[in-house]
Every structure is written in structure tokens, then in C-alpha cells.
Amino acid sequence: MHGGDLIAEVLKAQGVRFVFTLCGGHISPILVGCKARGIRVVDTRHEATAVFAADAVARLTGVPGVAAVTAGPGVTNTITAIKNAQMAQSPVVLIGGAAPTALKGRGALQDIEQIPLVQSIVKWSKAVRRVADLAPAIETAFEQAREGVPGPVFVECPVDLLYDEALVRSWYSAASGGKSLVAKATGAYLRWHVNRLFSGAKGAPPEAYVEAAPPVLDAGKVQRAAQALEQAERPVMLVGSQAVQRAGEVDAVAAAVGRIGVPVYLSGMARGLLGKGHPLQMRHKRRMALKEADLVLLAGVPCDFRLDYGNHFRRSALYIAANRSRRDLKKNRRPDIGVLGDPGQFLRNLAALCPDEDRWRVWRGTLQARDDARNAEIQQQATAPAGGKINPLFLCQALEKSLDPGAVLVADGGDFVATASYIVSPPGPLTWLDPGAFGTLGVGAGFALGAKLCRPDATVWIIYGDGSAGYSLAEFDTFARHNLPVIALVGNDAGWTQIAREQVEILKDDVATVLAHTDYHRVAEGFGGTGILLTDPVLIPEALNFAREAATSGHPVLINAILGKTDFRKGSISM
């Protein structure tokens, strides 16, 4: 059993079903060991995609996702994706290859200082130096990724720890030939070094996966929150990704939100928590609602730029927050009642203290009337002409109507995706994947890859902007090779429109924001997918139906929808 087998044994024991990778000689034994143990190895066309896919698996299952990449550029190519996982608080285990231990710092192939490079963007990192430490390091990595505030971790595994001992000894023996005193001394050192590498290598059997228990909630603070709610006349609740990090308990969290009875806005992975058309869920005019609220409850939502650093609600409003992160709990604005712990569990505990009655019917009616008015505005704007091309609002409405109950939506883009977020409703819990607070473009293919593997019977849609599609379009090759029929809908308006809106108006120049109405559908076809060019709004239902039928037949599909320009999101720049 070589070092790659040892790592694969731990992954199997931890409940890992998929390992995402881009192959490299430094990590080949890990991939072969995983395949031999029934772990599906999914190879991508870019290391960032491998990490994004692992991130999606973590979000949808609660089990840390795993990516294995080769040394040097393999690791550096993951930096953005790992940072995105850190910002999104996703438990991802990144395993990186490394140069042989005896050649570290001597100019070996792809040898760089990887640990200092990743330390600021991971929760924990470890450079393994003995075969006996491989399994314990991976087990610790899983513990660190899950506990407290989840996040990514990194384990560096040098190549000479992963291959069979006899082969590694032959490598070092070949490097120690010669009869001079220097050669003999070098040979003696290398023999000692190899003996140390493999000393005690057999080790203990791997430990089984154990879900990390969330921090214990302060019952007194939960009681105070319930009492404050009883006194509130205009409460508003915001529920974010942290509330659904325990994937197996999302239905209980949804039931708790319903029992609490407070009008709620959902964000991040919590989108879809209540399904479609729930009377408590509001989607529009959130800032206005927060300004009028006399109590604001944030469950797993920090006061960052998305809430204008806490300025979206009044200083006189009672502010309650629940968060796993002590830092995020107090970020930019200290809550009147701050509960450190799992927000989903907080909502469940709070619901148990709330009377089962409709206490805020009038207030909810006010907010619902605003939602209805905004939906009517959107409906009117969706019918406006778009210069002979497709109105993006009309396209999003058609997509919304066509979604089946089990569909999963992956959001990757700027203006088109943000437009879709106003119109397209995720059909249920854990059916919406977006990058999160880092706002990363390029997550689409990786997220869709992970989602389709976790939910093979679901229709997985990537909502792409034409700019963001360029980051991961080559992964249609991955979809085709691995028989993963996802559907990509590209909103092609020939530009980086979210940037151009403000840049052109303020600076009077469209430099670097102009693209072309590129034939993305032909690119998808070249990689083995099915491509659809959509230019006529009348044909939208037909195109969506054809895409679903093609996906059902096993083909990944890309719809290249040629969009016209609108002013729907004018003035939407964020800082």
C-alpha cells in the first residue's frame, strides 16, 4: 500500500464520493488509490473548476468537498477558488502535490513555497513530511474544515511520500551513485532520509466520518430574542447561507422560519429555502423594508456591503444576529442580542418559543403589496422591445415558468444573472448556488459539475453571463466525457454590461467592456455538447424544451441567447 492508498482510505472513511482533479505526476497515486476504492475521480480542464466543484459538493451535502491538484501551478491555479470557498464558508479539502522532500528548495520541477502562499486563505494548512503522517493529516484536515466556521484547508503531500516504497528507494539510490567521499556521504544521507520517510508508515486504520457538532447556543439569549419578537410591530428577518450549512436539516430550518412568522428575505444558499410562493418570503424593496422595521433579525448574514455595512436599517431598530463567526456577528454593527452559534439551530430553537399565530398580517400585507407592485413593473418591462433582440427579463420569465420542481440553478455572471435573481425563483431548499460574498466569476461549470454529481436526477441549469461563460466554457468537454448533461443558458449581450452601465455614464468610455455576439453554442458543440442559437423571443419555450429533452438524453446543452440592452439594473454598482 503506497501513500496514495493511505490518503484514499481516509477519504473513503470520511464519506467522500467524488475527488475533483486535473492530473499531475505529483498526485497520480492519490487518484489511482481513490478509483480503486470506488471514489469517483472527476478530471476537469482547470484546477479552479475542481475546487469550485468540491465547494458545490460541500454546500449540497454538508460533507467537505475534495480537490487534488499537482504541485506549483496546479496549486496556484486554485487560489481564487479557495478564497471564494473561504468567503462563502465552504468546507473544502485541497490536497496539493509537492516536490520530493530531499529536493525542496533545490530547483525541482514545480517546486515553490506553497504553504505561505495559501495560509491567508485557508483555515488550516499542513506540509506532510513522513508517510506515517499522511492519514492523520487528512483526518485533521476534515476536522478543521468542518468545525466552528467551516472553510477550506490545505494539505501538501510531497511526491516521494505517495509512491511505493521500493520505487522511491530506487529513485534515491539512482541519485546516490559514485565512489567519492562526497558521493558516499550523499548516499548515506539519502538512505537515512528514505528510512525516515517510511518509518512507521503502516499506521492505524482511518477513522469514520463524524459530523462536527455546532457550538452550543446561549439559551438565555434565544429567550431574549423571542421576547423581543413578541414586542415588535414591524420585524424583518434575513436568512443567509450559514443557516443551511447543515444540509440534512434544511427542512427543519424551513419549518422553523414558517413558525416564527416574520417576513423574510433569503440570500445566498438560503434562496429557495421556503420553496416558491411562500407567504412569508419577500423578494423586492428589501432596503425600504429594513428602513421601516423596528426589529431586524440576521440569521447567518453579516453586515457587509450587501447591507451597506449595517446602514440599511435604522439605529433605533432592535438588532438580533445569529452567526457561527464571532467576527461576523459584530462586523460593522454590534447587535443588541448576538447569538454565537449555528443560525439554523438558532431559528429552530427560536421557533419553539414562538406562539403559533399570525401576528404581523398587516405588516406582511404592506410588504407583499410592494412585491406585487414591483412584479407588475417587471412584467411591463419584460414586454418592452429590445432592439430586435431578446429582452433578458422576458427570457428569465420564460425560464422561471419552465423549471421543474427538482431543478438546481447555478448563477455565474453579472448583469444577466442579477436580472435573473429578481425573476427566477429556486424551487426548493439547496437549489441555488452562487459564488457568495467574493463575487467571483467563473464558478459556473464547477458548481454545476458538483451539483449534477450530487443530484444526478435533477435538471441543473447554469445561468451564465457571456463574460463569465468564457472562464469555464471548456468544461463542456468535462460534462461530455463524464456524461453529466447540464444545461447552460448564456445571456449574450456582447459586453461586460454590469461594468459598462456605470463606466460609460460616469466616464464616457466603454474601453475594455465590449465583447462580441460570439457563437458560444458552437464552442459547446466542439466539446461534445449540444448547441442552440436563440435569437427570436417567440422560440424561447421551444428552445428551453429542446434543451431539457437533449439533457434527458444525456447531452450537455448550451443555449446562446442573443440579448438586447435594457435599463433594468441601471445604478446598481456595489462597493
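Structural remarks
- Taking label points 7 Å from Cα along the Cα-to-Cβ direction, H482 and A247 give a separation of 1.4 nm.
- Amide H contacts of A127 (H built 1.01 Å from N, in plane; Pro and chain starts excluded): E156 sit under 5 Å, all sequence-distant by 5 or more or on other chains.
- Full extension of the chain between L117 and A516 gives 140.0 nm of extra length, using 0.36 nm per residue less the Cα-Cα distance.
- Cβ crowding within 10 Å averaged over residues, with 22-33, 512-523 ranked highest first: 22-33, 512-523
- Protection-proxy order for peptides 453-460, 304-311, 341-348, 104-111, each taking the mean of Cβ atoms within 10 Å per residue, highest first: 341-348, 453-460, 304-311, 104-111
- Cβ-Cβ FRET estimate between R315 and E400, R0 fixed at 51 Å, reported to 0.05: 0.85
- Per the Debye formula on identical point scatterers at the alpha carbon atoms of region 67-161, with no solvent, log10 I(q)/I(0) at q = 0.15, 0.16, 0.20, 0.23 Å⁻¹ is -0.52, -0.59, -0.90, -1.15.
- Sites K330 and A352, calculated FRET efficiency, Cβ-Cβ separation with R0 41 Å, nearest 0.05: 0.95
- Residues of region 82-121 with amide N under 18 Å of a point placed 7 Å along Cα→Cβ from W192: 101-104
- For S472, S180, S402, S125, order by how many other beta-carbon atoms lie within 10 Å, fewest first: S180, S402, S125, S472
- Of S120, S170, the sequence from fewest to most neighbouring Cβ atoms within 10 angstrom is S120, S170.
- Solution diffusion estimate, µm²/s, Stokes-Einstein, region 256-317, Kirkwood Rh from C-alpha pairs, 4 °C, viscosity 1.567 mPa s: 104
- Among residues other than F313 with Cβ under 13 Å from its Cβ, the summed charge is +4 (Lys and Arg +1, Asp and Glu -1).
- Charge context of A500, other residues only, Cβ under 14 angstrom, K/R +1, D/E -1: -3
- Share of pairwise Cα separations in region 219-359, more than 19 Å, in percent: 44
- In summary, the convex hull built on the alpha carbon positions of region 3-198 has an orientation-averaged projected area of 10.3 nm².
- Between 0 and 90°, nearest 10: helix 3-13 axis offset from the chain longest Cα axis: 40
- Centre separation in Å (Cα based) which lies between region 380-404 and region 274-327: 30
- Going from the fewest other Cβ atoms within 10 Å to the most, the residues M1, M87, M282 appear in the order M1, M87, M282.
- Centre separation in Å (Cα based) which lies between region 205-252 and region 47-83: 27
- Computed from the alpha carbon atoms alone, the convex hull of region 504-575 holds 148 Å³ per residue.
- Rh (Kirkwood; distinct C-alpha pairs) - the chain, Å: 25.4
- Note: relative contact order over region 383-562, using C-alpha pairs below 8 Å and six or more positions apart, is 23 percent.
- Counting 0.36 nm for each residue step from E207 to Q223 and taking away their Cα separation leaves a gain of 1.9 nm.
- CD proxy at 222 nm, helix term only [per DSSP H run n ≥ 4: -39500 (n - 2.57); per residue of the chain; nearest 500]: -12000 deg cm²/dmol
- If R0 is 30 Å, the Cβ-Cβ spacing of R306 and E542 corresponds to a FRET efficiency of close to 0.20.
- Peptide packing: for 384-393, 147-156, 477-486, the average count of neighbouring Cβ atoms within 10 Å per residue gives the ranking 147-156, 477-486, 384-393, highest mean first.
- Legend: translational diffusion of region 392-498 by Stokes-Einstein, Rh = Kirkwood radius over C-alpha pairs, 10 °C, 1.306 mPa s; D = 116 µm²/s.
The numbers here are math on the coordinates, done by the rules we state, and not lab data. Bear in mind that the values here come from a model prediction, so they are computed numbers and not experimental data. Note that we place each Cβ from the backbone using ideal geometry, even for glycine, and neighbour counts take in every protein chain shown.
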